[in-house]
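Here is the structure we will look at, set down as structure tokens.
The values are calculated or read from the model by the stated rules, or taken from the named source; none is laboratory data. Given the structure is predicted, the values throughout are model-derived calculations rather than measurements. Every residue, glycine among them, receives a Cβ derived from its backbone with ideal geometry; neighbour counts consider all protein chains shown.
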Amino acid sequence: MSNDQPTFSIPPELCDVLRSARHVVVLTGAGISAESGVPTFRDGLTGLWAQYNPQELATPRAFARDPKLVWEWYLWRRELVSKVQPNAGHQALVELERRVPRLTLITQNVDGLHQRAGNRRVVEIHGNIMRTKCFGEGTVIERWEETGEIPPRCPKCGSMLRPDVVWFGEALPDQAFNEAALASLACNVFLSIGTSGLVEPAASFPLVALRRGARVALINPEETPLLSENVDFLRGPAGSILPALLRETWPNS
């Protein structure tokens, strides 16, 4: 058999529940973006940035200590993201959103690829690398005067500008967390895609859904702690599994 052939099987019961679901929640992590060529956070330091530890750059303390360094690192990361395109996994989630009455897409990714693919209801619990906000007041800033200063300054208060992402040591945005938590409580099906299941609080969302009686499926090339629970495990890349899941669930359309 060719190595290109899928090695997973789609549980018919999962298709049945998905077909009749009123509310589907999807949680995505770095794995789905990696299929588009976005380096995972910990593997993404190359070239001039190879000497740095990302966990020591993505902190408020690092920004306060050397804002120019952190700003330029994020400019480099933004450039990487701008060069990639949504993949078949992203496109399948757009189609899934068309098929079900309600889909809430919770993402740990900051690259905006789900919106670029066409998903409308996206909850970005870790922010978006393409947005900028004021370091002092936390408000999103879309335009500022380019003076050559790095990082640039907030046009409203004069504070430094920073990427609108959640750094280590920072809490998730209240609105995004609450929306994700409530959706996890109310869904019929929960799909965990391309995430290690190690980062809290996102790792708890599928467990919340499971405890409330939802059907939970894990789609990932490798096993994660979620497999200690009674969940469906579809081993492989999202770009192969999600289109197959849609074909099996809606075979005549």
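When the residues of the range 208-253 are filtered to those that are among the acidic types (Asp, Glu) and within 21 Å of residue 183 (Cβ to Cβ), which remaining residue is surrounded by the most Cβ atoms within 10 Å (Cβ to Cβ)?
Taking the candidates together, the pick is 232.
Just a yes or no: is a residue in the range 120-130 in contact with a Pro (Cβ under 9 Å, 6 or more places away or on another chain), small (Gly, Ala, Ser), part of a helix (DSSP H, G or I) and surrounded by 13 or more Cβ atoms within 10 Å (Cβ to Cβ)?
no
Any residue at all in the range 18-29 that's in contact with a helix residue (DSSP H, G or I) (Cβ under 7 Å, 6 or more places away or on another chain) and at pLDDT below 95?
Checking the range 18-29: not a single residue is in contact with a helix residue (DSSP H, G or I) (Cβ under 7 Å, 6 or more places away or on another chain) and at pLDDT below 95.
Restricting to the range 138-170, what's the tally of residues that are in contact with a helix residue (DSSP H, G or I) (Cβ under 8 Å, 6 or more places away or on another chain), assigned to a loop (DSSP other than H, G, I, E, B) and among the aliphatic types (A, V, I, L, M)?
1
Test each condition in (1) outside any loop (DSSP other than H, G, I, E, B); (2) at pLDDT 90 or above for residue 56 and report the one that comes out false.
Here residue 56 meets the rest and fails (2).
Would you check which residues across the range 202-231 are under 17 Å from residue 184 (Cβ atoms), of a type outside the set (A, V, I, L, M, F, W, C) and not in a loop (DSSP other than H, G, I, E, B) and list them?
Listed by number, the residues that qualify are 204, 206, 211, 215, 225.
Go over the candidates 2, 36 one by one and state the one that is part of a loop (DSSP other than H, G, I, E, B), modelled with pLDDT of 90 or more and not β-branched (Val, Ile, Thr). If you could, list the steps in order and put the result at the bottom.
Values: 2 fails: modelled with pLDDT of 90 or more.
Checking each option against the conditions leaves just 36.
Conditions tested, residue by residue: (1) of a type in the set (Asp, Glu); (2) under 24 Å from residue 87 (Cβ atoms).
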| residue | (1), (2) |
| --- | --- |
| 204 | no, no |
| 217 | no, yes |
| 234 | no, yes |
| 242 | no, yes |
| 245 | no, yes |
| 248 | yes, yes |
